[in-house]
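Okay, structure first, notes after.
The values are calculated or read from the model by the stated rules, or taken from the named source; none is laboratory data. Model, not experiment: these values are computed from the prediction. Glycine also receives a Cβ, built like all others from the backbone with ideal geometry; neighbour counts cover every protein chain displayed. Ligands, DNA and RNA are excluded from the accessible area calculation, which covers all protein heavy atoms including side chains. Shrake-Rupley method; radii C 1.70, N 1.55, O 1.52, S 1.80 Å.
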Amino acid sequence: MHRSSSTPCLSPTGRDMQQRDKSGPIELLGQSSSLDIMKHMVKDIVKAMKMGIDPIPVHSGLGGAYYFLNVGGESVAIVKPTDEEPFAPNNPKGFVGKALGQPGLKRSVRVGETGFREVAAYLLDYGHFAKVPPTALVKITHSIFNVNDGVNGKNIQKKKLVSKIASLQQFIPHDFDASDYGTSGFPVTAVHRIGILDIRILNTDRHGGNLLVRKVGAFSEVDLIPIDHGLCLPEALEDPYFEWIHWPQASIPFSEDELSYIENLDPARDCEMLRKELPMIREACLRVLVLCTIFLKDAAAYGLCLAEIGEMMTREFRSGEEEPSELEVVCLEARKMLAEKEELSPRTDLSDNEFLFD
């Protein structure tokens with residue numbers, strides 16, 4: 001786990017390394033009890049792989065992704081290798097040119113680091129509140145993965161087994177995504193719960209294409225499943241993208257259950273859990289998580305609705321210029337106040353009636 005933060009892709013070169021590697025074709029990384037649900041699914045995939053059932057490459061999107069199947073030929077998981085992300089060295093779609101660890105699609109999310117963010121969103125979704133599909137980091141070995149020549153970004157692979165670190169997420173059968181469906185039919189509870197998660201993790205990429213719509217019941221009722229969380233938890237306050245911000249459901253006040261859930265969130269506990277489960281996560285990402293969670297808790301306790309909270313986190317364009325969000329303004333003011341306090345702090349011995357506050 002620690003090694004993968006500096007070299008997220010185990011080198012596919014060197015036959016001796018491949019021969020020494022005696023682990024199974026899929027190895028779950030992490031200790032959380034939340035990952036127990038993945039073990040049965042991994043067994044099904046490994047069984048299908050041994051029967052010669054190959055994964056199917058996903059042609060949409062900018063990064064490399066693969067549907068892994070069960071023995072019945074049904075998609076059960078989607079796998080995204082960390083070194084096939086947009087701009088990463090082994091991207092199969094021509095979006096190459098950066099080294100792992102450099103700024104990626106978003107300035108505050110580095111190339112090769114979206115995979116652990118997918119897992120973080122699942123681990124932070126306590127009680128399956130927002131219905132993020134089960135997601136884990138894995139070391140996975142298969143010949144379908146892409147390997148480029150390292151210079152021109154051209155595929156040089158000749159069907160050799162390649163071991164990679166990847167995110168593996170349960171595939172959820174669905175009928176549409178939210179961009180193909182009228183938003184008025186979405187349940188208020190589903191929109192609120194996904195919005196609460198998006199605010200906590202400062203999701204910079206919540207659009208209709210990564211909200212799956214699944215029909216439930218006999219009366220055209222639907223449910224929403226949030227996926228694709230690779231651009232959450234940036235290293236600095238970014239401009240988030242919340243597609244739900246103008247949906248009517250977001251202007252309806254939170255329910256008592258939702259307010260209770262928000263009140264019980266503990267950002268210190270969140271950080272402790274993520275440091276244990278994802279040791280490669282950067283402290284800057286955890287600071288953003290703490291900040292946004294505190295902001296959500298205070299705003300909800302004050303009586304603001306989801307849309308109002310989201311708008312306070314979103315930057316505005318005025319006269320072609322990007323203005324800082326209200327949350328960013330508050331942070332800048334806090335930093336200024338702290339600097340002024342430090343300037344005014346007495347450096348000499350204090351008399352009995354003076355106090356020095358931390």
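For segment 12-139, what's the relative contact order in percent, using C-alpha pairs closer than 8 Å and at least 6 residues apart? Display every interim value, and only then the final one.
Values: 184 pairs, mean separation 27.2, N = 128.
It rounds to 21 percent for segment 12-139.
Taking 0.36 nm per residue of separation and subtracting the Cα-Cα distance, what length does fully extending residue 50 through residue 216 add?
Numbers: separation 166, 0.36 × 166 = 59.76 nm, distance 3.47 nm.
Here the segment from residue 50 to residue 216 would lengthen by 56.3 nm.
Once the piece of chain linking residue 59 and residue 308 is laid out straight, how much longer is it, given 0.36 nm per residue of separation minus the C-alpha distance between them?
Details: separation 249, 0.36 × 249 = 89.64 nm, distance 3.68 nm.
Length gained, residue 59 through residue 308: 86.0 nm.
Any chance you could look up the accessible area of residue 331 with a 1.4 Å probe, heavy atoms only, rounded to 10 Å²?
Surface accessible to solvent at residue 331 totals approximately 40 Å².
Which residue fluctuates the most in the chain, going by a Gaussian network model with Cα springs under 10 Å, if the choices are 55, 173, 89?
Maximum among the listed residues: 173.
About its Cα centre, what dipole magnitude does the chain give when the only charges are +1 on Lys and Arg Cβ and -1 on Asp and Glu Cβ, stated in debye to the nearest 20? Don't skip to the end; give the middle numbers.
Details: 39 positive and 52 negative charges, 511 e Å.
Dipole about the Cα centre, nearest 20: 2460 debye.
Sketch the reach of a paramagnetic label on residue 93 as a point 7 Å from Cα along Cα-to-Cβ, and name the residues of segment 218-242 whose backbone nitrogen lies under 15 Å away.
228-231
Quick one: grab the alpha carbon gyration tensor of segment 167-208, order the square roots of its eigenvalues as a ≥ b ≥ c, and give me rounded if a/c is under 1.5, else prolate or oblate depending on whether a/b is larger than b/c. If you can, show how the numbers build up before the last one.
Details: a/c = 1.72, a/b = 1.07, b/c = 1.61.
Because a/c hits 1.5 or more and a/b fails to exceed b/c, segment 167-208 counts as oblate.
For the chain, give the percent of accessible area contributed by carbon and sulfur heavy atoms, probe 1.4 Å, rounded to a whole number.
The C+S portion of the solvent-accessible surface of the chain is 53 percent.
What's the FRET efficiency of residue 321 with residue 160 using the Cβ-Cβ distance as r and R₀ = 35 Å, to the nearest 0.05? Kindly include the intermediate steps, with their values, before the conclusion.
Values: r = 51 Å, r/R0 = 1.47.
Computed FRET efficiency for residue 321 and residue 160: 0.10.
For residue 67 and residue 43 in the same chain, what is the full-extension length gain: residue separation times 0.36 nm, less their Cα-Cα distance, in nm? List each step's numbers first, then the result.
Working: separation 24, 0.36 × 24 = 8.64 nm, distance 1.53 nm.
Residue separation times 0.36 nm, minus the Cα-Cα distance, leaves 7.1 nm.
Measure nothing fancy, just the Cα-based angle from helix 114-124's long axis to the longest principal axis of the chain, in degrees from 0 to 90, nearest 10.
60
Please list, ordered by chain and number, the residues whose modelled amide H lies under 5 Å from the amide H of residue 87; skip anything fewer than 5 residues away on the same chain.
Here the answer is 95, 96, since their amide H atoms fall under 5 Å of that of residue 87.
Among 39/215; 106/297; 276/341; 43/160; 39/160, which pairs are too far apart, with a Cα-Cα distance over 29 Å?
Values: 39/215 27 Å; 106/297 26 Å; 276/341 35 Å; 43/160 22 Å; 39/160 26 Å.
Violating the 29 Å Cα-Cα cut-off are 276/341.
For percent of Cα pairs over 35 Å apart, one of [x] 42; [y] 29; [z] 36 was computed from the structure I shared and the rest are decoys. Which label?
[y]
If r is the Cβ-Cβ distance from residue 107 to residue 180 and R0 is 22 Å, what FRET efficiency results, to the nearest 0.05?
Values: r = 30 Å, r/R0 = 1.38.
The value I calculate is 0.10.
Could you identify which residue out of 50, 160, 139 has the top mean-square fluctuation in a GNM of the chain using Cα springs shorter than 10 Å?
Answer for the Gaussian network model of the chain: 50.
Can you send over the solvent-accessible area of residue 246, 1.4 Å probe, protein chains only, in Å² to the nearest 10?
Using a 1.4 Å probe on the heavy atoms, I get roughly 150 Å².
Sorted by accessible area (1.4 Å probe), largest first, how do 219, 186, 171 line up? Mind dumping the intermediate values first?
Working: 219 170, 186 10, 171 55 Å².
Descending accessible area places them as 219, 171, 186.
When only C-alpha pairs under 8 Å and at least 6 residues apart count, what is the relative contact order of segment 176-330, in percent? It would help to have the intermediate numbers written out before the result.
On the way: 216 pairs, mean separation 41.1, N = 155.
Relative contact order, segment 176-330: 26 percent.
Can you give me the relative contact order of the chain as a percent, contacts being Cα pairs under 8 Å and 6 or more apart? Don't skip to the answer; put the middle values down first.
Details: 619 pairs, mean separation 52.4, N = 358.
The value is 15 percent.
Is segment 41-146 rounded, prolate or oblate when judged by the Cα gyration tensor, a ≥ b ≥ c being the square roots of its eigenvalues, rounded requiring a/c under 1.5 and prolate requiring a/b larger than b/c? Present the calculation step by step, with values, prior to reporting the outcome.
Working: a/c = 2.35, a/b = 1.24, b/c = 1.90.
It is oblate, given that a/c is not under 1.5 and a/b is not larger than b/c.
Amide H to amide H, which residues 5 or more places from residue 222 or on other chains are under 5 Å from it, using H placed in the peptide plane?
Placed amide hydrogens put 216 under 5 Å from residue 222.
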